[in-house]
Amino acid sequence: MIRGLLVKPLEYPQVVMAENDMIAVSAMIQGYPYAIHLTPQLVLICPAMDGTSTLTPNRCLDDGTLIQGIFLIAGMQDGQLQSLTDEWLDQLYPRFYY
């Protein structure tokens with residue numbers, strides 16, 4: 001199990017416990033997982049866009065990238081998902097609050 005930050009459109013972020021496998025993450029974000037590396041230690045996992053998707057817009061990243069649908073932010077180390085530390089949660093929660 002890993003601790004991550006789940007962000008749904010039009011809702012506040014939630015700290016969640018998730019199974020550490022892509023099938024569980026896929027079910028959580030309701031789509032095929034696509035990873036965006038925010039930093040070498042942080043990954044944002046969102047549904048992959050196939051060009052025909054009608055996912056609800058969710059949040060914009062600092063570079064202007066629009067993330068659609070539900071997404072999960074987790075730690076990353078050596079290509080494996082990791083739990084977010086309290087320090088990361090303290091930084092990420094306000095960033096994705098609105």
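To the nearest 10 square angstrom, how much accessible area does Ser83 have with a 1.4 angstrom probe?
60
Of the heavy-atom accessible surface of the chain (probe 1.4 angstrom), what whole percent is carbon and sulfur?
Values: 3090 of 5830 Å².
About 53 percent, which is the carbon plus sulfur part of the accessible surface.
Can you list residues from other chains, or at least 5 along the same chain, whose modelled amide H is less than 5 Å from the amide H of Met76?
Placed amide hydrogens put Leu42, Val43, Gln82 under 5 Å from Met76.
In debye, nearest 20: dipole of the chain around its Cα centre with unit charges on the Cβ of K, R (+) and D, E (-)?
Details: 4 positive and 10 negative charges, 47 e Å.
Here the size comes out at about 220 debye.
Okay, helix-only estimate at 222 nm for the chain: each DSSP H run of n ≥ 4 adds -39500 (n - 2.57), divide by all residues, round to 500 deg cm²/dmol; what do you get? Intermediate values should be presented prior to the final figure.
Numbers: 2 runs with 18 residues, N = 98.
One gets -5000 deg cm²/dmol as the mean residue ellipticity at 222 nm.
Using protein chains only and a probe of 1.4 angstrom, how many square angstrom of Tyr93 are accessible, to the nearest 10?
Its heavy atoms expose roughly 80 Å² to the probe.
Per residue, what accessible area does the chain have, given a 1.4 Å probe and all protein chains present, in Å²? Don't skip to the answer; put the middle values down first.
Details: 5830 Å² over 98 residues.
Accessible area per residue: 60 Å².
Measure off 7 Å from each Cα along the Cα-to-Cβ vector at Thr65 and Met1, then give the distance between these two points in nanometres to one decimal.
The two pseudo-label positions are separated by 3.0 nm.
So how do 72-81, 33-42 stack up, highest first, on mean other-Cβ count within 10 Å? Show your work: numbers first, answer last.
On the way: 72-81: 15.4, 33-42: 13.3.
Ranking the peptides 72-81, 33-42 by packing returns 72-81, 33-42.
With a point put 7 Å past each Cα toward its Cβ, work out how far Glu87 is from Ile36 in nm, to one decimal.
2.5
The values are calculated or read from the model by the stated rules, or taken from the named source; none is laboratory data. This one's a predicted model, so the numbers in the text were calculated from it and none came from an experiment. Backbone-built Cβ (ideal geometry, glycine too); neighbour counts: all protein chains shown. Side chains included, ligands, DNA and RNA excluded: accessible areas come from the protein's heavy atoms. Shrake-Rupley method; radii C 1.70, N 1.55, O 1.52, S 1.80 Å.
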